[in-house]
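Below is one structure, written out as structure tokens; the observations come after it.
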Amino acid sequence: MSEFSSSLGYGLGLRSAYYQQILDEAPDVDWFEVVSENFMVQGGKALYYLDAIAERYPIVMHGVSLSIGGPHALDRDYLLRLRQLASRANPAWISDHLCWSRGNAHQLHDLLPLPYTEESLHYVAGRVRQVQDILERPLVLENVSSYVRAAADEFSEGGFLAASSQFSGRELLLDVNNVYVSSRNHGFDPWHFIQALPAQRVRQLHLAGHQDYGDYVIDTHDHPVCDPVWALYQRTLEHLGPVATLLERDDHFPPLEELLSELHKARDLGQQTLAGRQQCA
């Protein structure tokens, strides 16, 4: 993306701990990302707040249950409910994860990496087309953090993500923290991963915190963004230009003011980086 106008700016994940404060104080946030499954309900408080906040801020829908790479048939009922929610929230886009998260019968409540093979490329591309036909909207997919690799892998993770995007024509949600976590766990260069991606297809970035246990790192979304991830984010913006950036927090929720301070850090860093990029252009 080459123009500032093409990016939504800097957003926060919308979590119930902050609903009322957001309405009362109208914080300096450009947009909010909602976890789709939290609002796939019939009435109630969650939808009341979604409607009220969507009147004031752009919304993006982000799911965790699609299981685009799973061995099961796609859940048509789930997709129809997702489409219904999208009609209500009018999101700028809809995203989920490039992973599998259920077997033939049960949701596993985890985001598991795919085998990075030619067969997976074709399989995922076909399912993306099915999803988009039902949603009547494009689907954006996110790289997940990973802790194991398949013995049958034919691509690196970054190579697979790039090939999958090119093959299916879909856009990417690049989670910078997930790249860092996976790079620590598997011993690859996170910058080489990001450089391999088709820059013109990156629609959104995620920033989040993690737990570092020394020999391995777990993506937890319960800590502030660490310095190496900030540095990788800055380098990513230098490479990509302006891309909508989302700060995630899913546990150990601090006061909203602390999250806003962290989001303002992302904004300041982004503005400095992009201003320098324009001067060099």
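Give just the number: which of (1) without any contact (Cβ under 8 Å) to a residue 40 or more places away in the chain; (2) closer than 21 Å to residue 246 by Cβ does residue 86 not satisfy?
The failed condition is (1).
State whether the residues of segment 148-165 include one that is among the aliphatic types (A, V, I, L, M) and free of Cβ contacts under 8 Å to residues at least 24 places away in the same chain.
Yes, some residue in segment 148-165 is among the aliphatic types (A, V, I, L, M) and free of Cβ contacts under 8 Å to residues at least 24 places away in the same chain.
Within segment 251-272, how many residues are in contact with a Ser or Thr (Cβ under 9 Å, 6 or more places away or on another chain), surrounded by 14 or more Cβ atoms within 10 Å (Cβ to Cβ) and farther than 19 Å from residue 25 by Cβ? Quick ask: steps written out before the conclusion?
Within segment 251-272, the first condition is being in contact with a Ser or Thr (Cβ under 9 Å, 6 or more places away or on another chain), and the residues that meet it are 251-252, 263, 266-267, 270.
Right, trim to surrounded by 14 or more Cβ atoms within 10 Å (Cβ to Cβ) and you get 263, 266-267, 270.
Then keep just the ones that are farther than 19 Å from residue 25 by Cβ; that gives 266, 270.
Residues in segment 251-272 being in contact with a Ser or Thr (Cβ under 9 Å, 6 or more places away or on another chain), surrounded by 14 or more Cβ atoms within 10 Å (Cβ to Cβ) and farther than 19 Å from residue 25 by Cβ: 2 in total.
In segment 151-161, what count of residues is obtained for those that are surrounded by 19 or more Cβ atoms within 10 Å (Cβ to Cβ) and either more than 14 Å from residue 118 (Cβ to Cβ) or in contact with an Asp or Glu (Cβ under 6 Å, 6 or more places away or on another chain) (or both)?
Looking only at that region, the number is 3.
Tell me, which residue of segment 219-241 that is touching a residue at least 60 places away in the same chain (Cβ under 8 Å) and touching an Asp or Glu at 6+ places or on another chain (Cβ under 9 Å) is nearest to residue 252 (Cα to Cα)?
By that ranking, first place goes to 219.
Would it be correct to say that residue 74 is assigned to a helix (DSSP H, G or I), of a type in the set (A, V, I, L, M) and over 16 Å from residue 175 (Cβ atoms)?
Spelling it out, it is not the case that residue 74 is assigned to a helix (DSSP H, G or I), of a type in the set (A, V, I, L, M) and over 16 Å from residue 175 (Cβ atoms).
Checking the condition at pLDDT 95 or above and not aromatic (Phe, Trp, Tyr), which residue from 35, 41 passes? Spell out how you get there, then give the answer.
Numbers: 41 fails: at pLDDT 95 or above.
On inspection, the qualifying residue turns out to be 35.
Here are 182, 95: which of them is buried (at least 22 other Cβ atoms within 10 Å of the Cβ), at pLDDT below 95 and not acidic (Asp, Glu)? Spell out how you get there, then give the answer.
Values: 95 fails: at pLDDT below 95.
That would be 182, the only listed residue that is buried (at least 22 other Cβ atoms within 10 Å of the Cβ), at pLDDT below 95 and not acidic (Asp, Glu).
One residue is enough: does segment 224-241 have a residue meeting the conditions touching a Gly at 6+ places or on another chain (Cβ under 6 Å), farther than 28 Å from residue 137 by Cα, surrounded by 15 or more Cβ atoms within 10 Å (Cβ to Cβ) and not aliphatic (A, V, I, L, M)? Before the answer, list the steps.
First, the residues of segment 224-241 that are touching a Gly at 6+ places or on another chain (Cβ under 6 Å): 224-225, 237.
This time we only want the ones that are farther than 28 Å from residue 137 by Cα, so: 224-225.
When the remaining residues are screened for being surrounded by 15 or more Cβ atoms within 10 Å (Cβ to Cβ), the result is 224-225.
Right, trim to not aliphatic (A, V, I, L, M) and you get 224.
Yes, because at least one residue in segment 224-241 is touching a Gly at 6+ places or on another chain (Cβ under 6 Å), farther than 28 Å from residue 137 by Cα, surrounded by 15 or more Cβ atoms within 10 Å (Cβ to Cβ) and not aliphatic (A, V, I, L, M).
Please find, within segment 35-83, the residue that is surrounded by the fewest Cβ atoms within 10 Å (Cβ to Cβ) out of those that are of a type in the set (S, T, N, Q) and within 25 Å of residue 12 (Cβ to Cβ). Quick ask: steps written out before the conclusion?
First, pick out the residues of segment 35-83 that are of a type in the set (S, T, N, Q): 36, 38, 42, 65, 67.
Now restrict to residues that are within 25 Å of residue 12 (Cβ to Cβ): 36, 38, 65.
On the way: 36: 24, 38: 15, 65: 18.
The selected residue is 38.
Taking the condition over 18 Å from the mean Cα position of the chain (by Cα) and hydroxyl-bearing (Ser, Thr, Tyr), does residue 183 pass?
Values: over 18 Å from the mean Cα position of the chain (by Cα): no; hydroxyl-bearing (Ser, Thr, Tyr): yes.
Answer is no for this residue.
Determine the pairs where a residue that is under 14 Å from residue 96 (Cα atoms), located within segment 128-144, has a partner that is acidic (Asp, Glu) with Cβ atoms under 6 Å apart, the partner being 6 or more residues away or on another chain.
Qualifying pairs under 6 Å: 140/171; 142/175; 143/175.
The values are calculated or read from the model by the stated rules, or taken from the named source; none is laboratory data. Source: prediction; values computed, not measured. Counting neighbours? That spans all protein chains shown, and the Cβs are built from the backbone with ideal geometry, glycine included.
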